[in-house]
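The values are calculated or read from the model by the stated rules, or taken from the named source; none is laboratory data. Note that the coordinates shown come from a computational prediction; the quantities given were computed from them, not determined experimentally. Using ideal geometry, Cβ is built from the backbone for each residue, glycine included, and neighbour counts are taken over all protein chains shown. What goes into the accessible areas is simple: the full protein's heavy atoms, side chains included, and nothing from ligands, DNA or RNA. Shrake-Rupley method; radii C 1.70, N 1.55, O 1.52, S 1.80 Å.
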Amino acid sequence: MTILLVEDNNGLGAAIAQALTAVRYRVDWRRSIDAALEPAFDQGTDLIILDRGLPDGDGLEFLRQLRSEGVGAGVLVISERSAI
């Protein structure tokens, strides 16, 4: 299974990526919406873990764009708005 992780916080992103790769998932970690565009549309992406607050936009708006353009991968939205 290939997971696209879209998270700009280095500590949190590294922890999530390490935990997932430890149980043998392939993780493609991107730190912005712009960097995540191409892999998000890749048919090989099974799951997207998406931060709400990214440096170049709102994760929920990005999700709306993905859905409107037919991306059907599962999405888990995460946020650290009050605390990690």
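On full extension, the segment bounded by TYR25 and ASP8 gains 4.1 nm, given 0.36 nm per residue less the C-alpha separation.
For Cα Rg over 2.2 N^0.38 Å, computed directly from the structure shown, the correct entry in [x] 1.00; [y] 1.20; [z] 1.69 is [x]. Please list, in chain and number order, the residues 5+ apart from ILE49 or on another chain whose amide H is under 5 Å from its amide H, with Hs placed from the backbone. It is LEU4, LEU5, VAL6, LEU76, by chain and number. Average accessible surface for the range 13-84: 62 Å² per residue, computed with a 1.4 Å probe over protein heavy atoms with every protein chain in place.
Modelled spin-label separation between VAL71 and ASP58, with each label point placed 7 Å from Cα along the Cα-to-Cβ direction: 1.7 nm. Element breakdown for the chain at a 1.4 angstrom probe: carbon and sulfur atoms account for 50% of the accessible area. Rolled with a 1.4 Å probe across the full set of protein chains, the surface gives ARG64 an accessible area near 130 Å².
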